[in-house]
Amino acid sequence: MRQWPSLLTVLLFLSPLIAGDVAEKPYNESEERYSSSTVGLLKLLELEMEFIKNLKSYTDLLSAKANTLQDFIDSVDRGTEKSLTEREKYVSNPLNAFGLMRRTHQDWPKWHNYINNTVGRDQLQSLDDILTKAPDSQDMKEALVGMQRIERTYGLQACDLAKGRLQDRQYDTQLSIRDCLALGQHKFQEGDYFRASLWYRMALKHEPEPNAETFNEILGDPLKDLKLNYAKATIIDELSPGNQSQKIQQVVDVTEEELHKSRAAELDGFVTYLLDQPDDDLAREMAEPALSSYEIGCRGLYPRRTNLVCRYNFTTTPFLRLAPLKMEEVNHDPYIVMYHEVLSENEIEEMKRRSSEMSNGWADMKEENSTKLRDIVCRHCFWSEQSAVRERINRRISDMTGFDFPLTENLQVANYGLGTHFKPHYDYTSDGYETPDVLTLGDRLGTIIFYASDVPQGGATVFPRSRVSILPRKGSSVFWFNLYDDGRPDTRSQHSVCPVIVGDRWTLTKWLHIVPQMFVMPCKPREKS
């Protein structure tokens with residue numbers, strides 16, 4: 001327990017009660033989610049660039065209009081005729097008098113029309129059209145969840161993220177006050193009051209931003225009620241651990257009531273005390289729950305294997321005697337190998353070119369009449385168009401695996417986005433999930449994934465049960481078996497995709513079914529280790 005100043009210490013002894021579940025808004029799955037892929041985020045960046053382009057054009061037109069009006073003002077401004085005597089002298093001259101009459105009769109109505117005429121109508125219409133394509137609230141929620149996933153999976157701290165530090169790397173960027181505030185509000189709504197307090201703290205400690213006063217008039221003041229929310233999140237977090245058997249909602253209600261009763265000076269003193277605590281001390285104070293095997297793998301903490309080798313494979317098919325492939329053993333049991341330099345730059349470009357129509361990929365099957373929010377894994381599509389490149393890749397898969405399948409079969413292309421991941425799952429039929437074509441082709445005997453990009457941070461393929469973690473390497477592939485020799489599922493093939501921290505994760509996936517391999521790899525009794 002922290003040592004508190006006198007203000008509000010009584011709140012630490014109030015009796016709390018547990019809150020009920022909050023119903024979620026129905027999720028519209030038909031919308032493209034910008035946050036779910038780098039492709040979508042690039043579209044959004046291009047949309048912002050188009051927005052700024054139209055805004056610049058509009059402000060140029062406004063500036064030109066303002067300059068024209070200033071020229072008119074300069075032409076008629078009689079700043080020298082200040083006294084009544086001077087003004088009488090001016091209008092007593094017939095030339096001045098006539099000019100005054102003509103201007104006010106003929107020119108004023110035209111200037112009035114010019115002033116009332118809206119400039120930049122086309123630009124304003126374009127801005128309206130662009131606004132309809134902006135991310136909706138569900139897409140924003142996906143982005144918040146993605147940031148939360150990165151933060152929790154890798155154990156990153158708010159004080160580092162806010163300042164542009166991701167793991168051990170410092171980037172030339174940082175989150176704005178409003179970014180920190182949005183993350184804090186999301187954490188508070190999710191009931192993660194400790195992390196909420198850390199993000200509120202980062203917003204309060206943020207350096208003043210340029211043009212803040214002007215922007216606040218339009219966007220609202222992010223500092224409004226921020227001290228109150230920071231104090232509220234901190235106190236609720238302190239009350240919660242010892243009161244898990246009682247309703248938290250009453251803790252929230254009572255805390256809000258007592259804080260609103262407190263004087264401004266008391267609240268300021270309390271917040272000042274909290275802000276004086278070192279960030280590192282608060283980070284250490286956060287009790288991180290025991291890591292899952294998946295999280296350990298994502299953080300690269302699995303023990304290193306020592307009995308593995310790299311070699312050339314020239315035995316799987318006759319063709320490999322002429323062109324052997326670079327193979328790296330990743331794990332012996334279950335069998336997992338990587339092949340290197342098996343996807344060229346031209347093939348990657350062709351793959352991306354054929355992947356313009358992508359849709360949301362989901363982690364779960366949709367339940368009938370369910371409104372539950374499903375995890376978006378990525379944006380994906382199936383490369384189904386006839387292509388010599390696709391056939392060449394399929395032939396290479398056959399050389400790597402020795403398996404038999406039509407070279408015209410589809411390949412899945414996937415692109416990951418902001419904090420998207422694929423939770424631990426199996427590629428074979430399990431947990432109510434039936435693999436496509438299982439009735440005709442049988443279950444998925446093996447899986448091969450090609451990495452079509454390097455990922456500087458995160459994005460590993462992890463096998464939690466086998467404690468194997470594989471980092472994406474552009475041009476390489478990873479292959480493993482999902483079934484035993486007798487066709488029964490191998491639960492050790494459970495795998496997942498860790499959230500990408502920094503990078504653009506592109507993959508090409510092929511699932512190899514068991515029925516076409518009945519002569520290549522006939523079923524046999526399972527060998528016991």
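Key figures for this structure:
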read-out: Cβ pairs under 8 Å, 6+ apart, first in the stretch 114-141 and outside any helix (DSSP H, G or I) and of a type in the set (A, V, I, L, M, F, W, C), second modelled with pLDDT of 90 or more and open to solvent by 60 Å² or more (accessible area, probe 1.4 Å); value: V119/L61; V119/L62
read-out: Of all residues making up the stretch 59-92, the number that are open to solvent by less than 50 Å² (accessible area, probe 1.4 Å), farther than 18 Å from K110 by Cα and part of a helix (DSSP H, G or I); value: 1
read-out: Cβ pairs under 7 Å, 6+ apart, first in the stretch 256-279 and touching a residue at least 12 places away in the same chain (Cβ under 8 Å), second of a type in the set (G, A, S) and in a helix (DSSP H, G or I); value: L259/A231; L267/A231; F270/A231; V271/A231
read-out: Any hit, the stretch 433-453, residues being within 30 Å of the chain's Cα centre (by Cα), aromatic (F, W, Y) and surrounded by fewer than 18 Cβ atoms within 10 Å (Cβ to Cβ); value: yes
read-out: Which listed residue is over 24 Å from V413 (Cβ atoms) and either surrounded by 15 or more Cβ atoms within 10 Å (Cβ to Cβ) or touching a residue at least 24 places away in the same chain (Cβ under 8 Å) (or both), from P456, P499, P472, P525; value: P525
read-out: Hey, K110 in contact with a strand residue (DSSP E or B) (Cβ under 9 Å, 6 or more places away or on another chain) and open to solvent by 50 Å² or more (accessible area, probe 1.4 Å) or not; value: no
read-out: Test: residue in the stretch 113-134 that is exposed (fewer than 11 other Cβ atoms within 10 Å of the Cβ), of a type in the set (D, E, K, R) and over 26 Å from R178 (Cβ atoms); value: no
read-out: Within the stretch 343-356, considering residues that are of a type in the set (D, E) and loosely packed, with under 14 Cβ neighbours inside 10 Å, the one nearest to E385 (Cα to Cα); value: E349
read-out: Residue within the stretch 138-153 that is surrounded by 15 or more Cβ atoms within 10 Å (Cβ to Cβ) and over 16 Å from the mean Cα position of the chain (by Cα) present; value: no
read-out: Selected residue [buried (at least 20 other Cβ atoms within 10 Å of the Cβ), farther than 25 Å from R299 by Cα and in contact with a helix residue (DSSP H, G or I) (Cβ under 9 Å, 6 or more places away or on another chain)] from H206, H186; value: H206
read-out: Those residues of the stretch 290-342 which are surrounded by 16 or more Cβ atoms within 10 Å (Cβ to Cβ) and among the charged types (D, E, K, R), in sequence order; value: E295, R299, E328
read-out: Only one of P406, P424 that is open to solvent by 10 Å² or more (accessible area, probe 1.4 Å), modelled with pLDDT under 95 and assigned to a strand (DSSP E or B); value: P424
read-out: Condition met for H105 (outside any loop (DSSP other than H, G, I, E, B) and loosely packed, with under 10 Cβ neighbours inside 10 Å); value: yes
read-out: First in the stretch 199-220 and touching a residue at least 60 places away in the same chain (Cβ under 8 Å) and within 28 Å of E151 (Cα to Cα), second anywhere and assigned to a helix (DSSP H, G or I) and open to solvent by 40 Å² or more (accessible area, probe 1.4 Å), Cβ under 9 Å, 6 or more apart; value: R201/L275; L204/K227; L204/L275; K205/L275
read-out: Residue within the stretch 494-504 that is more than 29 Å from the chain's Cα centre (by Cα), assigned to a loop (DSSP other than H, G, I, E, B) and on the phi < 0 side of the Ramachandran plot present; value: no
read-out: Residue count for the stretch 458-493, restricted to those that are under 24 Å from S355 (Cα atoms) and either in contact with a Gly (Cβ under 6 Å, 6 or more places away or on another chain) or not aromatic (F, W, Y) (or both); value: 12
read-out: Filter pass, T507 being among the polar types (S, T, N, Q), open to solvent by 50 Å² or more (accessible area, probe 1.4 Å), in contact with a strand residue (DSSP E or B) (Cβ under 9 Å, 6 or more places away or on another chain) and in contact (Cβ under 8 Å) with a residue 60 or more places away in the chain; value: no
read-out: Any chance D253 is modelled with pLDDT under 85, outside any loop (DSSP other than H, G, I, E, B) and either in contact with a strand residue (DSSP E or B) (Cβ under 7 Å, 6 or more places away or on another chain) or under 23 Å from D160 (Cβ atoms) (or both); value: no
read-out: F51 being of a type in the set (F, W, Y), within 30 Å of M358 (Cβ to Cβ) and open to solvent by 60 Å² or more (accessible area, probe 1.4 Å); value: yes
read-out: Number of positions in the stretch 401-439 that are in contact with a Gly (Cβ under 8 Å, 6 or more places away or on another chain) and among the acidic types (D, E); value: 0
read-out: Conditions (1) free of Cβ contacts under 8 Å to residues at least 60 places away in the same chain; (2) open to solvent by 20 Å² or more (accessible area, probe 1.4 Å): number failed by R390; value: (2)
read-out: Selection count, the stretch 475-490, where residues are closer than 17 Å to E328 by Cα and open to solvent by 10 Å² or more (accessible area, probe 1.4 Å); value: 1
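The values are calculated or read from the model by the stated rules, or taken from the named source; none is laboratory data. Everything quoted here is computed from the prediction, not taken from an experiment. Neighbour counts are summed over all protein chains in view; Cβ atoms, including those assigned to glycine, are modelled from backbone coordinates with ideal geometry. Side chains are part of the model used for accessible areas, which takes the heavy atoms of the whole protein and leaves out ligands, DNA and RNA. Shrake-Rupley method; radii C 1.70, N 1.55, O 1.52, S 1.80 Å.
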